[in-house]
Amino acid sequence: MYDPKSMKATEFIDDSEILETLAYAEENKSNYELINSIIERARDCKGVTHKEAAVLLQCDIDELNNKMYELAKEIKQNIYGNRIVMFAPLYLSNYCINSCVYCPYHIKNKNICRKKLTQDEVRKETIALQDMGHKRLALEAGEDPKNNPIEYILECIDTIYSIKHKNGAIRRVNVNIAATTVENYKRLKDAGIGTYILFQETYNKANYEVLHPMGPKHDYNYHTEAMDRAMQGGIDDVGLGVLFGLNTYAYELVGVLMHAEHLEAVFGVGPHTVSVPRICPADDIDVGDFTNAVPDEIWQKIIAIIRIALPYTGMIVSTRETPKNREKALELGISQISGASSTSVGGYAEQEEENTAQFDRNDTRTLDEVVLWLMELGYVPSFCTACYREGRTGDRFMALAKTGSIRNCCHPNALMTLKEYLIDYASDKTKAVGEALIKKELLTIPNEKVRAIAEKNLELISEGQRDFRF
């Protein structure tokens with residue numbers, strides 16, 4: 001029985017509801033009047049239901065698909081503007097007791113080099129990331145109560161926040177670790193994390209259990225209900241995601257939107273972010289073993305539909321994707337990307353001699369190259385962490401995002417943090433392009449008072465001061 005307000009995973013992610021939704025979408029894939037009406041109603045930036053999104057996904061009318069893509073671009077511009085938030089993953093440990101068949105960290109993999117960072121190594125990694133210009137990290141670790149207990153994660157967070165190197169500082173630590181208890185989520189909240197991220201991998205329960213044959217992650221209900229416990233523990237910014245390619249993409253799209261509807265129904269706050277990774281090669285993993293690979297065109301359509309369905313949510317694409325695919329994804333709804341990522345444990349401070357990576361990267365550019373690329377495309381790379389630090393999280397953030405008012409804070413904050421990056425870390429070419437972009441973008445701030453404050457703060461940043469925010 002489908003019930004978005006239920007706290008049971010199999011009721012708010014109901015298999016029969018998904019199958020009925022997909023059947024309905026298939027029946028209506030050429031229904032011009034219905035599809036057009038969904039697109040037109042979505043122009044108010046209030047989203048669409050999982051059932052309506054499924055119809056958009058199956059739409060086979062070129063005219064309406066193009067209209068859909070244009071709407072996704074329009075919605076993104078209205079809410080997020082041309083800002084792109086920058087972050088980097090930091091892998092703490094690849095010890096794991098699970099048996100996920102798509103991940104090289106699985107317990108049966110004897111080829112991968114197992115490694116766990118010491119606190120001294122965490123310091124070195126943090127300094128290396130600061131020296132690139134990063135301000136926002138996403139911590140990653142395998143599930144292993146012995147090697148990676150919650151105490152270890154908390155110690156790493158404390159270490160990262162304590163390090164101030166030259167003008168560098170990590171101002172926001174997001175955490176992507178295994179499902180845990182309400183009490184442990186409270187401890188993560190108390191440690192000052194930003195967003196708690198957990199990918200569902202697949203919402204199909206039967207397939208999920210086959211893909212996770214052993215270990216604590218095998219428990220579909222416990223894993224799927226993790227976001228509820230995180231919110232109960234006080235973490236009001238959570239990040240959803242599936243690994244496209246493990247199951248049929250249509251099923252997964254409906255599933256992640258139902259999960260978002262559940263969070264909204266129960267807590268009044270949908271996901272802060274949604275990630276859209278696709279399975280890619282890694283040590284001991286052959287993507288040919290998975291028969292649900294998602295073509296570029298479909299992946300791009302999924303991004304556009306999520307942007308239409310969840311206008312308020314941040315959308316993330318990692319270095320799994322090529323620069324070409326990332327560029328297209330940015331047009332259609334992505335608002336956050338990683339730059340100069342290492343997916344190895346200890347991969348920033350020094351080159352790893354042995355493989356500890358979780359997956360192969362398809363974008364290996366430096367952060368400076370990514371920042372320059374974004375600016376040349378007309379985007380404003382943002383290193384802003386102000387909302388989290390000003391208490392604009394959960395329902396407070398959503399109230400601003402859903403009305404588009406968030407741009408009044410985000411745009412000047414993006415320009416100020418970009419200015420910091422240009423002065424402290426950028427190459428001469430990136431600096432020149434960036435200074436011209438800031439000058440141009442200042443003129444787009446509609447509020448004269450805000451613009452004047454931003455201009456003054458930019459002058460103070462040039463004089464050596466740091467960390468201004470609205």
**OP:** Spot the failing condition for Asn413; the list is (1) of a type in the set (S, T, N, Q); (2) under 25 Å from the mean Cα position of the chain (by Cα); (3) surrounded by fewer than 22 Cβ atoms within 10 Å (Cβ to Cβ), and only one is missed.
**Re:** (3)
Original post:
Given Glu327, Glu390, Glu420, Glu331, which one is at pLDDT 95 or above, within 30 Å of Lys189 (Cβ to Cβ) and of a type in the set (Asp, Glu)?
Top reply: Glu420
Original post:
Looking at (1) part of a helix (DSSP H, G or I); (2) at pLDDT below 95, can you tell me which one Thr343 breaks?
Top reply: (1)
Original post:
What are the pairs, 6+ residues apart or on separate chains, where a residue within region 451-466 that is in a helix (DSSP H, G or I) has its Cβ under 8 Å from a residue that is acidic (Asp, Glu) and modelled with pLDDT of 95 or more?
Top reply: Ile461/Glu420
**OP:** Check region 298-320 and report whether any residue there is closer than 29 Å to Ile112 by Cβ, part of a helix (DSSP H, G or I), modelled with pLDDT of 95 or more and not aromatic (Phe, Trp, Tyr).
**Re:** no
**OP:** May I ask you to verify whether Ser30 is modelled with pLDDT of 95 or more, small (Gly, Ala, Ser) and part of a loop (DSSP other than H, G, I, E, B)?
**Re:** yes
**OP:** Go through (1) surrounded by fewer than 19 Cβ atoms within 10 Å (Cβ to Cβ); (2) at pLDDT 95 or above; (3) at negative phi; (4) not basic (Lys, Arg) one by one and return the number of the condition Phe470 breaks.
**Re:** (2)
**OP:** Quick one: which residue in Tyr91, Tyr95 is in a loop (DSSP other than H, G, I, E, B), over 26 Å from Ala401 (Cα atoms) and in contact with a strand residue (DSSP E or B) (Cβ under 7 Å, 6 or more places away or on another chain)?
**Re:** Tyr95
**OP:** Could you tell me whether Ile193 is among the aliphatic types (A, V, I, L, M), outside any helix (DSSP H, G or I) and within 28 Å of Val276 (Cα to Cα)?
**Re:** yes
**OP:** Could you tell me which of the residues Leu418, Leu437 is buried (at least 21 other Cβ atoms within 10 Å of the Cβ), under 22 Å from Glu463 (Cα atoms), over 25 Å from the mean Cα position of the chain (by Cα) and not acidic (Asp, Glu)?
**Re:** Leu437
Original post:
Out of curiosity, is Thr417 among the polar types (S, T, N, Q) and assigned to a helix (DSSP H, G or I)?
Top reply: yes
**OP:** Filter region 34-81 down to residues that are hydroxyl-bearing (Ser, Thr, Tyr), modelled with pLDDT of 95 or more and within 17 Å of Ile303 (Cα to Cα), then give me how many there are.
**Re:** 2
Original post:
Do you know which residues across region 1-13 are among the charged types (D, E, K, R) and in contact with a helix residue (DSSP H, G or I) (Cβ under 8 Å, 6 or more places away or on another chain)?
Top reply: Asp3, Lys5, Lys8
Original post:
Scanning for something in a helix (DSSP H, G or I) and free of Cβ contacts under 8 Å to residues at least 60 places away in the same chain, does region 141-153 turn up at least one residue?
Top reply: yes
Subject >> Filter result (assigned to a loop (DSSP other than H, G, I, E, B) and crowded, with 17+ Cβ neighbours inside 10 Å) within region 33-58 >> reply: Cys45, Gly47, Val48
Original post:
Only one of these conditions is not met by Ala436: (1) part of a helix (DSSP H, G or I); (2) at pLDDT 95 or above; (3) touching a helix residue (DSSP H, G or I) at 6+ places or on another chain (Cβ under 8 Å). Which number is it?
Top reply: (3)
**OP:** Confirm whether Leu198 is buried (at least 20 other Cβ atoms within 10 Å of the Cβ), aliphatic (A, V, I, L, M) and under 26 Å from Glu20 (Cα atoms).
**Re:** no
Original post:
When region 242-254 is examined, which residues are found to be touching a residue at least 60 places away in the same chain (Cβ under 8 Å) and buried (at least 23 other Cβ atoms within 10 Å of the Cβ)?
Top reply: Leu243, Leu246, Leu253, Val254
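The values are calculated or read from the model by the stated rules, or taken from the named source; none is laboratory data. Predicted model only: the values in this text are computed from it and were never measured. As a convention, Cβ positions derive from the backbone with ideal geometry for all residues, glycine included, and neighbour counts pool all protein chains shown.
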